[in-house]
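Following: one structure in structure tokens, then a few remarks.
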Amino acid sequence: MMRQPAYIAMISSLLLGLSCLLSQPAAADFYSAVVAYDHGKFNPAHREFLSLAERGHAGAEFMLGAMRFYGKGVQRNDALAAVWFHKSAIKGNPSGQLAFGSLHIRGLGVRQDLVKAYGWLTVAAHHAVPGLQQQAIALRDEAARLMRPDEITDAQRWASGFKARGSGLTLE
């Protein structure tokens, strides 16, 4: 009979190997979709992002939100952009969190809600992604100027308890 630590190590190695094999095509597909988007080939980019998003890819969900928000290759629609940004945000994508929080400041595609805006922007700022962190902090501070102290406390409490939800495919 196999000893417990050896068995756990073998299973861990197997799962790590499988995840690497499964993630390589997704990373390549995401990269090719980003390249297509950057070159203005929005229809193929949209198809690939949609395929990846259907499997839970947070980066692809963010890109679909951006395409809807800016009307790149699809009809501009703030409400659909908000849906895609939210899907990305709850999986821990900092860009999705920044975008979703930003929409709540002005009520674009969602009901204006400064508490949600502050909360999502705080979560985005915690990722310490250069540039994105500063933008999230600046927007959060803008929202805070319009909020009561108890609303800020509520938003901070929510942000401190936020836990990203896993998905089938979250490569960035």
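Only the coordinates and a few stated rules stand behind these numbers; no lab work does. Just so it is clear, the structure is predicted and the values come from calculations on it, not from any experiment. Quick reminder, even Gly has a Cβ in these numbers, built from the backbone with ideal geometry, and neighbours come from all protein chains shown.
Would you mind checking the pairs Lys41/Lys91; Lys41/Lys116; Lys72/Lys116; Lys87/Lys163 and listing those with alpha carbons more than 23 angstrom apart?
Lys41/Lys91; Lys41/Lys116; Lys72/Lys116
Which whole-Hz couplings ³J(HN,Hα) result when phi for each residue of the stretch 96-111 is put into the Karplus expression 6.51 cos²θ - 1.76 cosθ + 1.60, θ = phi - 60°, listed in order with x for Gly and Pro?
Residue by residue, the stretch 96-111 yields x, 5, 4, 5, 5, x, 4, 4, 6, 5, 9, x, 8, x, 9, 6 Hz.
Rank the residues Leu139, Leu80 as a footprinting-exposure proxy: fewest other Cβ atoms within 10 Å of their Cβ go first.
With the sparsest Cβ surroundings first, the list reads Leu80, Leu139.
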